[in-house]
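K.L.:
The structure follows.
The values are calculated or read from the model by the stated rules, or taken from the named source; none is laboratory data. All values reported here derive from a predicted model rather than from experimental measurement. Quick reminder, even Gly has a Cβ in these numbers, built from the backbone with ideal geometry, and neighbours come from all protein chains shown.
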């Protein structure tokens, strides 16, 4: 994204001071920059050209989350730069969950519990009508008819706010406190168990081989177990999680394929496919071929 000039964007937003700029994240034409200067430290979020509806939706859901005490960034200014919607966000203190777990592995379960509690509070928040336009069931691709039928049969009548991207890189913590939930692009309305299962799919996905990879995978399973415990402390026991986890892994498999195609490489999803097949068998669901 060499065409991005964060200093020009800051001037467009009315921030004329001197700022040191560094890229925090870039993904599919979007970016987040850290802007640090005399006026303070901020996060500058830059979306793709003409994504004004997406920017408006993100701003609305972050404001809603903050209103119920969820630590979302505050939107300080908005504008457009070369057709790109831009948002100046407050800086959330703390470190990413991934960094905290790496540096304090003995706290993995406790950190997971704190994240689960925060997610449950968000999911219990009634979703405003605009969020319902994005259907959680097909948010990450199509489902086979049998899985969809069974999920629709058990779907909760309570439509809460779902983040759908709570993972180690998008959650900030300080001590045992969650201090920030970042990247609200996937937010929509729906059954909170979908959000919980989606996080589980990220936390328990193993990458790499060998003893070190196995140790990391075990540590993140501990985080996931704490996350489930913390969630249920707020929201009570969550039933039928196997079906929601199958839904989450199905979406993860499909998005992994899409991302690999965009990068021009072969998707490394064999382990994920085997895991999904075992879970479908446990749930009594028939095998499926690739969904389109």
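K.L.:
Residues in segment 66-76: is at least one part of a strand (DSSP E or B), within 19 Å of the chain's Cα centre (by Cα) and not assigned by TED's automatic domain parsing to the domain that holds residue 220?
P.N.:
Within segment 66-76 (the criterion being part of a strand (DSSP E or B), within 19 Å of the chain's Cα centre (by Cα) and not assigned by TED's automatic domain parsing to the domain that holds residue 220), the answer is yes, since at least one residue qualifies.
K.L.:
Under 6 Å between Cβ atoms, at least 6 apart or on separate chains: pull out the pairs that start in segment 123-150 with a residue that is in the same structural domain as residue 198 (by TED's automatic domain parsing) and end on any residue that is exposed (fewer than 14 other Cβ atoms within 10 Å of the Cβ) and outside any helix (DSSP H, G or I).
P.N.:
Correct list of pairs: 125/68; 142/291.
Residue by residue, here is whether (1) in the same structural domain as residue 108 (by TED's automatic domain parsing); (2) loosely packed, with under 14 Cβ neighbours inside 10 Å; (3) outside any helix (DSSP H, G or I) holds:
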{"site": "234", "(1), (2), (3)": "yes, no, no"}
{"site": "243", "(1), (2), (3)": "yes, no, no"}
{"site": "246", "(1), (2), (3)": "yes, no, no"}
{"site": "252", "(1), (2), (3)": "yes, no, no"}
{"site": "267", "(1), (2), (3)": "yes, no, yes"}
{"site": "271", "(1), (2), (3)": "yes, yes, no"}
{"site": "274", "(1), (2), (3)": "yes, yes, no"}
{"site": "278", "(1), (2), (3)": "yes, yes, no"}
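K.L.:
Out of the residues in segment 125-137 meeting the condition of being out of contact with any strand residue (DSSP E or B) (no Cβ under 6 Å at 6 or more places or on another chain) and not in a helix (DSSP H, G or I), tell me which one is farthest from residue 71 (Cα to Cα). So that I can check it myself, show each step before the final result.
P.N.:
Start the filter on segment 125-137 by keeping residues that are out of contact with any strand residue (DSSP E or B) (no Cβ under 6 Å at 6 or more places or on another chain), which leaves 126, 128-130, 133, 135, 137.
Keeping just the survivors that are not in a helix (DSSP H, G or I) gives 126, 128, 135.
Working: 126: 17, 128: 18, 135: 24 Å.
Step by step, filter segment 125-137, then rank; the result is 135.
K.L.:
Which of the numbered conditions does residue 54 fail, given that it passes all the others? Conditions: (1) part of a strand (DSSP E or B); (2) surrounded by 15 or more Cβ atoms within 10 Å (Cβ to Cβ); (3) touching a residue at least 40 places away in the same chain (Cβ under 8 Å).
P.N.:
(1)
K.L.:
Kindly indicate whether any position in segment 5-23 is within 20 Å of the chain's Cα centre (by Cα) and not in a helix (DSSP H, G or I).
P.N.:
There is at least one residue in segment 5-23 that is within 20 Å of the chain's Cα centre (by Cα) and not in a helix (DSSP H, G or I).
K.L.:
Something else now. If a residue has to be within 23 Å of residue 168 (Cα to Cα) and touching a strand residue (DSSP E or B) at 6+ places or on another chain (Cβ under 8 Å) to count, how many in segment 56-86 make the cut?
P.N.:
Final tally of qualifying residues: 13.
K.L.:
Just name the residue that is nearest to the chain's Cα centre (by Cα) out of those in segment 88-120 that are under 25 Å from residue 55 (Cβ atoms) and assigned to a helix (DSSP H, G or I).
P.N.:
The extreme case among them is 119.
K.L.:
Looking at (1) surrounded by 17 or more Cβ atoms within 10 Å (Cβ to Cβ); (2) touching a residue at least 60 places away in the same chain (Cβ under 8 Å); (3) under 29 Å from residue 220 (Cα atoms), can you tell me which one residue 45 breaks?
P.N.:
(2)
K.L.:
Determine whether residue 206 is assigned to a loop (DSSP other than H, G, I, E, B), in contact with a helix residue (DSSP H, G or I) (Cβ under 7 Å, 6 or more places away or on another chain) and assigned by TED's automatic domain parsing to the domain that holds residue 158.
P.N.:
Yes: the conditions hold for residue 206.
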